[in-house]
Amino acid sequence: MTGPSTPEYLLGVDEAELERLHFQHEVWRPVTDAFLDRIGVRAGWKCLDAGAGPGLVTFDLRERVGDEGEVTALEPSKLYLEWLRKETRRRGYSNIRVLEGTAENSSLDPGQYDLVFSRWVIAFVQDAERFLQPLFNALRPGGVIAIQDYMYEGLALFPRGGAFDRIHAAVLAYYRSVGGDPYVTASLPGLFHRHGIQTLECSPHSLAGGTDSGVMQWAHRFFTVHIPRMVERGILGETEGAAMIADWTAHARNPDALFFSPIVVDVAGRKTNHP
Ligand SMILES: C[S@@+](CC[C@H](N)C(=O)[O-])C[C@H]1O[C@@H](n2cnc3c(N)ncnc32)[C@H](O)[C@@H]1O
């Protein structure tokens, strides 16, 4: 998706990342499901999944809205959309729509969605307000916007004392290297307020686990791929990157290791009639 007119998407798009997204979905599914439960997504709703990737939440939303609802997946990556279309056919769904492109360049009809959902996208974009504006417009009055993304604190690996202790600053610099904001969720209630969106909730969630846990294996898939990319970008020196991977790998074999994920925040707001 990266090109002269499209800003760089930090994580890239390939088969390995597609696999990581599937794994990630399973690990964090209880958190996302509970968020959708609290929002009260119902049969017949019309939903938009913005930055849908291969549509993992798109399909969960489709389960909830049933035959009489509709879900639109908005996504710039052809590879992910190809997977999504194939899976839509395999499941025999006729009410999943696909829109290829970014939120910023989308031409969504105004006032049509009961729910606009977006998970792990907005922290990567250069201008959160530009990303959100078309999504706000696409909501019907009374509709809900629901964002799941980072407030990138809380990341920790125990026992402490090794090179991995310094990863936090590197991840912040990594997100910022493409103009992203690893604390973006903290600015959402204020941004909602300025656009006539009433904040319904802003709740932090973290997962923790040892070597065999899903959360540690999820982190393994991220750090073993992205620490080398941080080195390529000059965010970490080669020796420092190698020391961090070695420290992580030693923890991954340590039965007493404990990993804490960064905080994922569920932010939901309702569109009022008074922008
Ligand atoms: C980390 S993936 C998350 C995918 C999916 N939301 C999930 O939770 O499984 C981020 C996705 O956002 C897409 N993306 C990046 N920038 C975007 C933008 N400006 N508008 C819409 N989607 C975007 C990427 O192509 C990628 O599929």
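The values are calculated or read from the model by the stated rules, or taken from the named source; none is laboratory data. As the structure is a prediction and not an experimental result, all values here were calculated from the model. Heads up, the Cβs are rebuilt from the backbone with ideal geometry, glycines too, and the neighbour counts pull from every protein chain shown. Quick note on the areas: whole protein, heavy atoms, side chains included, nothing else; ligands and nucleic acids left out. Shrake-Rupley method; radii C 1.70, N 1.55, O 1.52, S 1.80 Å.
Are there trypsin sites (Lys or Arg not before Pro) in segment 31-113 that DSSP puts in a loop and that have at most 14 other Cβ atoms within 10 Å, and which ones? Mind showing how you got there, number by number?
Details: sites: R38, R42, K46, R62, R64, K78, R85, K86, R89, R90, R91, R97; in loops: R42.
Hits after loop and neighbour filter: R42.
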Solvent accessible area, Å² - V13, 1.4 Å probe, full protein context: 50 Å²
Those lysines that a straight Cα-Cα span of less than 19 Å connects to K46, excepting residues fewer than 8 apart in one chain: K271
Sequence-distant residues sharing a close amide H with K46 (under 5 Å, placed H): E70, D114, L115
Shape category assigned to segment 122-224 from the gyration tensor of Cα positions, a/c cut at 1.5: prolate
Rounded to whole Hz, the Karplus (6.51, -1.76, 1.60) HN-Hα couplings of segment 96-103, x for glycine and proline: 10, 9, 10, 10, 8, x, 8, 4
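For V265, what charge total do you get from the other residues with a beta carbon under 15 Å from its beta carbon, if Lys and Arg give +1 and Asp and Glu give -1? Intermediate results must be reported in sequence, preceding the final value.
Working: positive: R38, R119; negative: D149, E153, D181, E201, D266.
Every neighbour counted, the sum reads -3.
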Probe 1.4 Å, protein heavy atoms only - accessible area per residue of the chain in square angstrom: 44 Å²
Sorted peptide list for 259-266, 65-72, criterion being average Cβ within 10 angstrom, highest first: 259-266, 65-72
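Of T58, T249, which has the most accessible area with a 1.4 Å probe, and how do the rest follow in descending order? The partial results should precede the final answer.
On the way: T58 0, T249 40 Å².
Greatest to least solvent exposure: T249, T58.
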Most mobile listed residue (E63, E15, E153) in the chain, GNM with C-alpha springs under 10 Å: E15
Under 5 Å, built H, 5+ apart or other chain: amide partners of G12: none
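How long are the semi-axes of the equivalent ellipsoid of the chain, taking √(5λ) for every eigenvalue λ of the Cα gyration tensor, in whole Å from largest down? Mind dumping the intermediate values first?
Numbers: eigenvalues 208, 77, 70 Å².
In descending order, the three semi-axes are 32, 20, 19 Å.
For segment 23-106, rounded, prolate or oblate, judged on the Cα gyration tensor with a ≥ b ≥ c (square roots of eigenvalues), a/c < 1.5 rounded, else prolate if a/b > b/c? Mind dumping the intermediate values first?
Values: a/c = 1.42, a/b = 1.24, b/c = 1.14.
It is rounded, given that a/c, with a ≥ b ≥ c, falls under 1.5.
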Label-point gap, in nm, between E15 and A250 - each point 7 angstrom along Cα→Cβ: 3.5 nm
